[in-house]
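Chemist: Here it is: the structure, laid out below.
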Amino acid sequence: MKHVKTIKTTLMASVAAFGLTMGSAMADDAKVGIILGFTGPIESLTPDMAASAELALKEASDSGILLGGTTLTPVRGDSTCIDSAAATSAAERLITSDGVVAIMGADCSGVTTAIANNTAVPNGVVMVSPSATSPALTTIEDNGYFFRTAPSDARQGEVLADVLTDRGIMEIAITYTNNDYGKGLSDAFQAAYEAKGGSVLVVAAHEDGKADYSAEVAALAAAGADHLAVFGYVDQGGKGIIQTSLDTGAFDSFVLADGMIGESLIESIGPDLNGTIGTLPGSESQESADFVSYAQDNGLAGDCPFCGESYDAAALIALAMQAAGSTDREAIQAQIMNVANAPGTPIGPGNLAEGLQILADGGEVDYVGATSVELTDVGEAAGSYKELEVQDGAFVTMQVR
């Protein structure tokens, strides 16, 4: 379902036609950066995310329609998810040495902010993040170069508060990873939850990378809540908090947000995770199902956290390039909103060739993609969320909110 409608410029066709005359901005091979945390606290998620983005780039290249036959070559960089200096260095390499025309990424909110502020925006390079969700990114000074296909945690906090109050859970303890993502989500959730009559008995940050979380868990348990909200990372401290809680008997009922959703958590914790509830951006739309089938037909997982958002982020870059008629960085930026939003022919996953041809012919597209893409006036998805519950060792979608 579309959530926000914006008006396109009426100059799209003329811009594309003008761009097609700019031979100096064309290229037989254009590089697109894929910067994600291939090491670090979400490293089990990023290979599928990267592969999904690269599927969109390959689809556009294989069509033979993109800028008269331009091939998009992905170049990977490691954001680490947590080390802003390392992430900035990786982005600098992509932008200066590799000469990427745009970036799909980054992933975690802190490193995404650092890359945008220090490297991408100063160099005029578009970033389309599939998973950076901090509310602070809504107001970042980006000069129009930062976009995201995942919704803000301001929205996720509200949805999670609805999930808990609808289930009659009115008291909770909160722990969050001590960074922009964790703090922003914790604040958003607490405000929404308390506005609905819920009581937060304790809020405490935790650091990633520790071997022992017994002190943190003991302090959380002392507040007396039966349920623990864990706003952390699936391969790091959040997992450690849950395992320690179970080992000590401090908590056996958990509430998770998107950074904690992944098969590696179920594999690590086992049956004790059954009954855990959480939220993850996504929908049960036909386009979402089409993406899963399309990805699986191409040997990918498909139904995985932030995979649809990653495919859509890369697809937007390719379509914006075609709309611009150019691989010029500034020209790509100018067309992202146009190809993302109505009016235009709706384009779903696996149908990029159709969209590219329409744009080549001077028409307009409304990229729907895997996640019902529609960007707000600041370039971010409004988004819907899956309410999940772990049942019999698997994350099961209970409903979409």
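Chemist: If you scan the range 293-340, which residues turn out to be without any contact (Cβ under 8 Å) to a residue 12 or more places away in the chain and either part of a helix (DSSP H, G or I) or over 19 Å from the mean Cα position of the chain (by Cα) (or both)?
Modeler: Residues satisfying the conditions are S293, Q296, D297, G299.
Chemist: Turning to a different aspect of this structure: Please give the number of the condition P346 fails out of (1) outside any helix (DSSP H, G or I); (2) under 28 Å from S109 (Cα atoms).
Modeler: The number of the failed condition is (2).
Chemist: Hey, another quick one. Considering D98, D78, D83, which residue is touching a helix residue (DSSP H, G or I) at 6+ places or on another chain (Cβ under 8 Å), over 16 Å from V128 (Cα atoms) and not aliphatic (A, V, I, L, M)?
Modeler: D83
Chemist: Take I82 and decide whether it is in the same structural domain as A204 (by TED's automatic domain parsing), touching a residue at least 60 places away in the same chain (Cβ under 8 Å) and under 30 Å from A225 (Cβ atoms).
Modeler: Here the answer is no, as I82 does not meet what is asked.
Chemist: Right, next: In the range 373-401, how many residues are touching a helix residue (DSSP H, G or I) at 6+ places or on another chain (Cβ under 9 Å), of a type in the set (D, E, K, R) and outside any loop (DSSP other than H, G, I, E, B)?
Modeler: Selection size over the range 373-401: 2.
Chemist: Further question: Just checking, does the range 241-255 include any residue being buried (at least 23 other Cβ atoms within 10 Å of the Cβ), of a type outside the set (K, R) and under 25 Å from S384 (Cβ atoms)?
Modeler: yes
Chemist: Restricting to the range 138-173, what's the tally of residues that are more than 23 Å from L388 (Cα to Cα), in contact with a strand residue (DSSP E or B) (Cβ under 7 Å, 6 or more places away or on another chain) and part of a helix (DSSP H, G or I)?
Modeler: 1
Chemist: Looking at V100, V128, which one is touching a Phe, Trp or Tyr at 6+ places or on another chain (Cβ under 8 Å), under 25 Å from A324 (Cα atoms), outside the structural domain of G184 (by TED's automatic domain parsing) and surrounded by 24 or more Cβ atoms within 10 Å (Cβ to Cβ)? Explain how you work it out, then say what you get.
Modeler: On the way: V100 fails: touching a Phe, Trp or Tyr at 6+ places or on another chain (Cβ under 8 Å).
From the options V100, V128, the qualifying one is V128.
The values are calculated or read from the model by the stated rules, or taken from the named source; none is laboratory data. Owing to the predicted nature of the structure, the values given are computational and were not obtained by experimental measurement. Cβ sites come from the backbone with ideal geometry, for glycine too, and all protein chains shown count toward neighbours.
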